[in-house]
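Worksheet: one structure, shown below.
FYI, it's all coordinate maths here, none of it is from the lab. Here the structure is a predicted model, which means the values were calculated and not measured. Note that we place each Cβ from the backbone using ideal geometry, even for glycine, and neighbour counts take in every protein chain shown.
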Amino acid sequence: MIRILILILFIGLIAGKVSGQELQKVKDLKGFWKFSIGDDPEWANPDYDDNNWERIYVPGNWEEQGFHGYDGYAWYRTTFYLNDFDHRSNYYLDLGFIDDVDEVYINGKKVGRTGSFPPYYSTAYNAHRVYNLPHKTFSEDAKITMAVRVYDQGGEGGIVHGNIAVMINHNELFTDLDLQGDWKFSTGDCGDPSKNPPDYNNWDEILVPGIWEDQGYKHYDGLACYAVEFDLDGQFEGERMVLLLGRIDDLEMVYINNVLIGQTGELSAKTTSIYSEMYKQKRGYYIPEDVLNDQGKNVLIVKVLDWFGEGGIWDGTIGLITQENYIQYWKKKRKMMQ
């Protein structure tokens, strides 16, 4: 029987997003952005010509900037460079508070979404937007063209207030293979993947990391399943690997290629009192030998149980890291804490 190992990290046990003390501002994004009412998916394209668009100040509601009484869709665009780009650090986009729903694209790739657009509208006007910025979305010269799609149902609309900036965290784990982005998602129990692998092709899409209540599943508590495929081309052959899953609210069972590699507890309501603080803890799973397909497709499935409040794979670094890099990171971290 394969021995199942899990390492739960106890660093930074705080509720909420990444600690402000860990983040450093590297690019202030307050100022005038391009703006247009309406809705067109082509506006996410970094090569789209927006020279004829209006200019609007961010942050600030659009009603007070010439669009009084407008409710509906609108897009923002801005372009900037990240100077002194650090290839081994994690970047975040702080967009403050947006009224009501938003979707964010970096160089044409979707990196964030909060709330639900019509016809399944769900506001998230009171949610603080902090999105991970995957390095795979950056161009070689660190040029970033950002597009933000916004829907407002009534009252104020737009990127209304907050600290609008790109932040960096030099002290967080950095993956050797980034898995954040669009995953497949389904509420309910998807069974036992080790015995009967689920057909996830028709599941919904959800952004990971991200709270599922902020992505169209408001007030949902209970079981849900995530799935994502990733390909390897031999870059980790002979390496022992660790799967990083950030923070999860509340408990999970993790399968790679239909093999259970670890879990935080039984996905049952009777474990609530025992594991009530698990949502704060970072997950790092050692992957047993011969589980990964080093030369092709792999399937990762995560079953999650949320009892109440926010739920899902909600925050942190998501991906694979070599065991050597993982060990070196924690050695460095311990020295910093001494």
Original post:
Does the stretch 182-295 classify as rounded, prolate or oblate by the C-alpha gyration tensor (a ≥ b ≥ c root eigenvalues; a/c under 1.5 gives rounded; else a/b over b/c gives prolate, otherwise oblate)?
Top reply: prolate
Original post:
What number, rounded to the nearest 500 deg cm²/dmol, is the helix-based mean residue ellipticity at 222 nm of the chain, given -39500 (n - 2.57) per DSSP H run of at least four residues and division by all its residues?
Top reply: -1500 deg cm²/dmol
Original post:
How large is the charge dipole for the chain, taken about the Cα centre, if only the Cβ atoms of Lys, Arg (+1) and Asp, Glu (-1) carry charge, to the nearest 20 debye?
Top reply: 1300 debye
Original post:
Given the Cα-Cα distance of residue 64 and residue 289 and 0.36 nm per residue of separation, how much length would full extension add, in nm?
Top reply: 75.1 nm
Original post:
For the chain, the longest stretch holding no trypsin sites (Lys or Arg not before Pro) located in a DSSP loop with at most 15 other Cβ atoms within 10 Å is which?
Top reply: 89-194
Original post:
What order do you get for 190, 225 when you list them from fewest to most C-beta neighbours inside 10 Å?
Top reply: 190, 225
Original post:
Can you give the relative contact order of the chain as a percent, counting alpha carbon pairs under 8 Å and 6+ residues apart?
Top reply: 21 percent
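Please work out how much length the chain gains when fully extended from residue 88 to residue 332, using 0.36 nm per residue of separation minus the C-alpha to C-alpha distance, in nm with one decimal.
86.4 nm
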Original post:
Taking the stretch 298-338, which chymotrypsin sites (Phe, Trp or Tyr not before Pro) meet the DSSP loop condition and have no more than 11 other C-beta atoms within 10 Å?
Top reply: 308
Subject >> Taking the convex hull of Cα positions in the stretch 89-178, its mean projected area over all directions (nm²) >> reply: 6.6 nm²
Subject >> Residue-span extension gain [residue 324 to residue 196] - 0.36 nm each, minus C-alpha spacing >> reply: 42.7 nm
**OP:** Principal axes first, then extents: for the Cα atoms of the stretch 24-169, list largest minus smallest coordinate on each axis, whole Å, largest first.
**Re:** 44, 32, 27
Original post:
Roughly how tilted is helix 323-337, in degrees to the nearest 10 and between 0 and 90, from the longest Cα axis of the chain?
Top reply: 70 degrees
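Assign one of three labels to the stretch 30-76, namely rounded, prolate or oblate, based on the Cα gyration tensor with a ≥ b ≥ c the square roots of its eigenvalues; rounded applies when a/c is under 1.5, prolate when it is not and a/b is larger than b/c, and oblate otherwise.
Oblate shape, in that a/c is at least 1.5 and b/c is the bigger or equal ratio.
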**OP:** Just check the stretch 298-338 against the gyration tensor rule for me: Cα atoms, a ≥ b ≥ c as the square roots of the eigenvalues, rounded for a/c under 1.5, and otherwise prolate or oblate depending on whether a/b exceeds b/c.
**Re:** oblate
Subject >> Partner aspartates and glutamates for residue 195 [C-alpha distance under 19 Å; skip if fewer than 8 residues away on the same chain] >> reply: 229, 252, 266, 290
Subject >> Per-residue Cβ neighbour rank within 10 angstrom, fewest leading, 170, 161, 219 >> reply: 219, 170, 161
Original post:
Hey, any idea what the orientation-averaged projected area of the convex hull of the chain's Cα atoms comes to, in nm²?
Top reply: 18.0 nm²
